[in-house]
Each structure stands twice: as C-alpha cells, then as structure tokens.
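Read the structure below first, then the notes.
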Amino acid sequence: MSRSDKSGVLLSKNLLTFIPFVSWEILVHDIAIYYFSATGNSLAVAQSLAASLEAPAPISIPGSLISGDPYSAAAHAKTVGFVFPVQRATIPEMLRGFIEAMPVSAQKYYFAIATYSLFGRNEFWDIDELLRQKGAMLNYAAGVRMMGNVGLAHPSKATINRRQEQMRARISDIALSVSYKQENYFPRANRLLDKAVRRFTESRRRNLVFRIDKHCRHCGICAQVCPAQNIQLPEKGQEVLAPIRSDRCMACLACIHWCPAGAIGTPTHLHTRYHHPTVLPEQLHSMNTKDGS
Ligand SMILES: Cc1cc2nc3c(=O)[nH]c(=O)nc-3n(C[C@H](O)[C@H](O)[C@H](O)COP(=O)(O)O)c2cc1C
Ligand code: SF4
Ligand code: SF4
C-alpha cells in the first residue's frame, strides 16, 4: 500500500470550511487517542491535542489494558492516534505490545505523536511496520520536543515555561494536520546505526535494576505511577513496608522520577529527576488503573 493510497480521504482546507458544525462534531468524535506516559509529558500532550481537536479524553494504554476491553474506542473510531515518549530511540515496550495485539483496519487513519528530549530514531517506522504487518499503515507522524527526563542538569523554570509555550504552538499545527487527515513521510534512520543502537538499548529495556535507599518514606507514589503495576508496598499489621517489585519492569523510570524523597536510583544513576509540572501522580495513577478518564 502506498502512502498516497488514502489521499482520497484527505480533506482540503476549502472543503472543511464548508462542512457545517454538526459534521465537524461527527468528525472529531470519531477520534480515539491512546497514550503512554511515564513522567507526564505525553499525557499533557495527549490532553492538549484532544482539547484542540475537541476529541474525547485520551485513553491510558495501561488503564485500557486493565479494563479488559482496550480496543473498543479504536474499533468505533475512524481516526486512531498514539501519543508516547521516545524511549531508547524507539517506542515504549507497552505501546509495542498494545499495537501488536490491536485489530486494525486499512480504512482507518492512524497517527503517532512522539514526545522526546533530543531526537528519536525508529519510533515512527516501528509503528508503521507493526500496522503494515496487519494491512494498515501509519498515515501521519510528528514529534513534540519536551523537557527530557534523562538530563544531567536541572532545567530552569524559564526553560520549562518556554518548552511549554513551544508545545502549545506545535500541538495547534498537529491538530490542524490531523483534522485534515494529512499524510506525511518519515524517513528511517541509517540501518547500521540502528542496529548498533538497538543492540545497546535492548538489554536496558526490561527489569531495570534499582536500589531504594534509607530516605524512602513508604508513601507509595512509586507504586501509583508504575504503568506496569510492578511495585507493591507490603503491609505488616498497621505498618506499610518499603516497596518491593516483581519482574514486569519496562524500565520507563517513572518510579525514579516521581519519588518525592529521591530514594530510588539505579547503580549508575547520574541524571536529575523530572516530571511534567502540571501533571500529578494521582492523575497518572487513576488513568493508568482504569479505562482512560
Ligand atoms: C528510559 C528513557 C529513554 C529515553 N530515550 C530517549 C531517546 O532515545 N531520545 C529522546 O529524545 N528522548 C528520550 N527520552 C526522553 C523522553 O522521551 C522525554 O522526556 C519524554 O517527553 C518523556 O515523556 P513522558 O513524560 O510522557 O514519559 C528517554 C526517556 C527515558 C525515561
Ligand atoms: S515513592 Fe519513594 S519514598 Fe515513596 S515509597 Fe516509593 S521509594 Fe519510598
Ligand atoms: S518499576 Fe519503575 S521503571 Fe519499572 S516499569 Fe515500574 S515505574 Fe517503570
């Protein structure tokens, strides 16, 4: 299937101008936006995009998986979007599994929005490949540069605010493109370099080894924000004990970043802690443990 096969459904600006209000409503409510987020950036982007499109609230991928019916919104939508962080030069593991198991249709319009701090490599092509294996394709892809959660220096408030302003402007452009069902081309990075990057990152994608130090307050925030439900705080009588984890870790680093005591780190932990300034851990928790909003 070529990228231009679907040009018949591309709406021109002029055509959209003449669509009455009711039709616009139908158009935007045909959208299902799924997101994965470790430190809140992708949640903020997904929410802002949904608001710009007047689309239903974005759906948490971990939450939808727990609901037991993760794909019902996508089944009823004509446009399906994925918002996620670039992690180790590609898509998060949970998003990969989610798309792999998703029933898809060549009649639907698929878009992907990656949040990133420096640059991506394979994320859009990886999604395109997963969709193409099942007869659909990725029609539109765009990146939104956000504050990084693997930086070595604490960003200033001014930098965070500036990035937020840039995000809003970028999302208006993206919303316009998605509402017109525009298509675009996303080049794949150099194959040799990709292989090297993959080899380097593959081993780091699962079961992150981390330590919890004496500053732990047993508050449970790490368990709340973990999208893999990998952390538990056992109880002994009235006492809440220190967190323990099982083997479902996807190395997203959410627990490290959200811990208010800075008590979690990896043995080689160098970078600073960051999470999106307006997202709360309870918000991530409630959306990650039920079907979306
Ligand atoms: C484990 C991990 C790997 C990352 N790898 C990349 C990367 O390869 N390229 C990049 O630009 N940003 C990378 N980042 C930064 C995130 O993509 C970026 O901060 C993103 O906006 C975080 O989104 P979230 O808050 O929704 O999780 C990485 C972050 C983590 C935690
Ligand atoms: S978030 Fe930090 S302080 Fe709270 S339970 Fe987890 S490790 Fe302990
Ligand atoms: S244990 Fe921490 S790093 Fe692993 S999946 Fe959960 S939040 Fe992410």
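The values are calculated or read from the model by the stated rules, or taken from the named source; none is laboratory data. The structure presented is a predicted model; accordingly, all values stated were derived computationally and were not measured. Here Cβ is always computed from backbone atoms with ideal geometry, including for glycine, and neighbour counts include all displayed protein chains.
Give me a count of the residues in the range 208-244 that are more than 10 Å from ligand 2 (Cβ to nearest atom), surrounded by 19 or more Cβ atoms within 10 Å (Cβ to Cβ) and not in a loop (DSSP other than H, G, I, E, B).
Within the range 208-244, residues that are more than 10 Å from ligand 2 (Cβ to nearest atom), surrounded by 19 or more Cβ atoms within 10 Å (Cβ to Cβ) and not in a loop (DSSP other than H, G, I, E, B) number 0.
Sort out which residues of the range 213-235 are under 22 Å from Phe98 (Cβ atoms) and either small (Gly, Ala, Ser) or assigned by TED's automatic domain parsing to the domain that holds Glu93 (or both), and write them in order of number.
Once the filter is applied, which keeps residues that are under 22 Å from Phe98 (Cβ atoms) and either small (Gly, Ala, Ser) or assigned by TED's automatic domain parsing to the domain that holds Glu93 (or both), the range 213-235 yields Ala223, Ala228.
Let's see how each residue does on (1) in the same structural domain as Asn184 (by TED's automatic domain parsing); (2) surrounded by fewer than 21 Cβ atoms within 10 Å (Cβ to Cβ); (3) farther than 25 Å from Cys226 by Cα:
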residue: Ala73; (1), (2), (3): yes, yes, no
residue: His76; (1), (2), (3): yes, yes, yes
residue: Ile99; (1), (2), (3): yes, no, no
residue: Ile113; (1), (2), (3): yes, no, no
residue: Arg132; (1), (2), (3): yes, yes, yes
residue: Ala142; (1), (2), (3): yes, yes, yes
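Suppose the filter is within 12 Å of the chain's Cα centre (by Cα) and either within 16 Å of ligand 3 (Cβ to nearest atom) or at negative phi (or both); does Phe124 pass it?
Details: within 12 Å of the chain's Cα centre (by Cα): no; either within 16 Å of ligand 3 (Cβ to nearest atom) or at negative phi (or both): yes.
Judged against the criteria, Phe124 is not a match.
Please work out which residue is nearest to ligand 1 (Cβ to nearest atom), limiting yourself to the range 229-243 and to residues that are modelled with pLDDT under 90 and hydrophobic (A, V, I, L, M, F, W, C).
Ala242
Sort out which residues of the range 231-262 are among the β-branched types (Val, Ile, Thr) and within 6 Å of ligand 3 (Cβ to nearest atom), and write them in order of number. Lay out the reasoning, then the answer.
Here is the first cut: in the range 231-262, the ones among the β-branched types (Val, Ile, Thr) are 231, 240, 244, 256.
Scanning the range 231-262 gives a single hit, Ile231.
Looking only at the range 210-259, filter to residues that are over 21 Å from Ser64 (Cα atoms) and of a type in the set (Val, Ile, Thr); which one of those is farthest from the chain's Cα centre (by Cα)?
Val240
Taking the condition of being closer than 19 Å to Ile91 by Cα and not small (Gly, Ala, Ser), how many residues in the range 230-256 meet it?
Number of matching residues: 6.
Can you tell me which residue within the range 263-288, out of those that are away from ligand 3 (no atom under 13 Å from the Cβ) and β-branched (Val, Ile, Thr), is modelled with the lowest pLDDT?
Checking each candidate, the answer is Thr268.
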